[in-house]
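Working notes, structure below.
The values are calculated or read from the model by the stated rules, or taken from the named source; none is laboratory data. As the structure is a prediction and not an experimental result, all values here were calculated from the model. Positions of Cβ are generated from backbone atoms using ideal geometry, with glycine treated the same way; all protein chains shown enter the neighbour counts.
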Amino acid sequence: MTAPTEFHPWNDPQAKPLIRFQNVTKRFGEFTAIDKISLDIFAKEFFALLGPSGCGKTTLMRMLAGFEDPTEGAILLDGADIAGVPPNKRATNMMFQSYALFPHLSVFDNVAFGLRRDRLPKDQVQARAEEMIALVQLGPFANRKPHQISGGQRQRVALARALAKAPKLLLLDEPLGALDKKLRQETQFELMDIQEKTGTTFVIVTHDQEEAMTVASRVAVMDHGKIVQVATPDAIYETPNSTYVADFIGDVNIISGGADPVDGKIGIDWAEGQPPLTGICEQDIAKGETVFMAVRPEKVAISSEKPADRSNVVAGKVHDIAYLGNISTYYVQLSGGQIIKAQTANTRRIARRDFTWEDDVWLSWTDTAGVVLRQ
């Protein structure tokens, strides 16, 4: 099996984006929902808009779909300004969280609906609808009504219907929100497979960090109408550009203190009587500047003996333990009262766990495990 071809058009200065937001602002009365956003999305991307409720991600998608118009700025699709183009005239389609299937129509007729509205020849409608139903693996259910199939199958009918007209861009608004966790995880991989097979550009709105990290080629993290960071999932996780992103994506420890730059690394004076912590930073930090170290719990080792080979070592007492089956998270309270989380894989039975409540332990991590941030 050959390795997949690397796909990163955003790193190619010659690549032309399929979608371009140019200084886009959207206001509803006095409220600014989208605040001067500029963003490029490339053809064949699976792009995620990620953020908490009210951050503006759905408004951004609705402007792409044509249900809202920008107050300022322009949105280009394939180089053309789409302002004033109604939703049904755009080379886009939208899949809603509710799926919005017609309950009185069969699976086949739901998928064929848009094609029939476009007055395509009957044989073309038949062939395209069958192709889409096969793509989402619902052939045996083609004659059933939506209430006769499961939630996951209804989600796939909605996807097939949205893809039937071969849009350049498919917009997915929290498409997996109605599914249980196990089915949602399975469907994420199905979505990725279908997106790759069709070559359609997908833009997904989600508040689920795990979902965005799983499916997306790139993620835009949003907050209060602004895009805080756009990067690949691994870059968002490993090198967040702010404590907001670090805290929103996954689990994290954040320790603040005064900076002491030394030999390309940053020392942090974080607690009186404690040795400084050391981390990496790509920015120029002035001595004494207040900074924040973000370190992921899985990068923090826990031990009963003080390690001699780690740059960052702190002592504490096990305050709490969260057992999650495959991993355990230890909440360790330091002498100053701060809680630091450390995660370990549960490779042994829980009865043979090395540490328990109130144990004195040492936490340690390397100088490259912690990212030093300005804000």
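Tabulated results
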quantity	calculated
Scope region 356-375; condition in a strand (DSSP E or B) and touching a Cys at 6+ places or on another chain (Cβ under 9 Å); matching residues	VAL371, VAL372, LEU373
Complete set of residues in region 336-355 that are part of a loop (DSSP other than H, G, I, E, B), touching a residue at least 40 places away in the same chain (Cβ under 8 Å) and either under 19 Å from ILE268 (Cβ atoms) or touching a helix residue (DSSP H, G or I) at 6+ places or on another chain (Cβ under 6 Å) (or both)	GLY336, GLN338
Residues (among the small types (Gly, Ala, Ser), part of a loop (DSSP other than H, G, I, E, B) and over 27 Å from the mean Cα position of the chain (by Cα)) located in region 296-333	SER304, ALA308, SER311
Long-range neighbours under 8 Å by Cβ, at least six apart or interchain, first residue in a loop (DSSP other than H, G, I, E, B) within region 5-22, second exposed (fewer than 12 other Cβ atoms within 10 Å of the Cβ)	LYS16/GLY79
Leading residue by the ranking (nearest to CYS55 (Cα to Cα)) among those in region 169-226 that are surrounded by fewer than 19 Cβ atoms within 10 Å (Cβ to Cβ) and among the basic types (Lys, Arg)	LYS226
Scan of region 322-363 for residues that are at pLDDT 90 or above, surrounded by 12 or more Cβ atoms within 10 Å (Cβ to Cβ) and either among the small types (Gly, Ala, Ser) or over 25 Å from PHE292 (Cα atoms) (or both), ordered by number	ALA342
Residue that is surrounded by the fewest Cβ atoms within 10 Å (Cβ to Cβ) [pool: residues in region 271-295 that are in a loop (DSSP other than H, G, I, E, B) and among the hydrophobic types (A, V, I, L, M, F, W, C)]	ALA286
Residue within region 53-65 that is touching a Pro at 6+ places or on another chain (Cβ under 7 Å), in the same structural domain as ALA33 (by TED's automatic domain parsing), crowded, with 21+ Cβ neighbours inside 10 Å and not in a loop (DSSP other than H, G, I, E, B) present	yes
Hey, ASP234 in the same structural domain as LEU49 (by TED's automatic domain parsing), without any contact (Cβ under 8 Å) to a residue 60 or more places away in the chain, under 19 Å from ALA48 (Cβ atoms) and among the acidic types (Asp, Glu) or not	yes
Out of ALA48, ALA43, sole residue that is closer than 19 Å to HIS224 by Cα, modelled with pLDDT of 90 or more and either among the basic types (Lys, Arg) or touching a helix residue (DSSP H, G or I) at 6+ places or on another chain (Cβ under 9 Å) (or both)	ALA48
Some residue of region 30-39 being farther than 30 Å from GLN188 by Cβ, surrounded by fewer than 17 Cβ atoms within 10 Å (Cβ to Cβ), assigned by TED's automatic domain parsing to the domain that holds ALA216 and without any contact (Cβ under 8 Å) to a residue 40 or more places away in the chain	yes
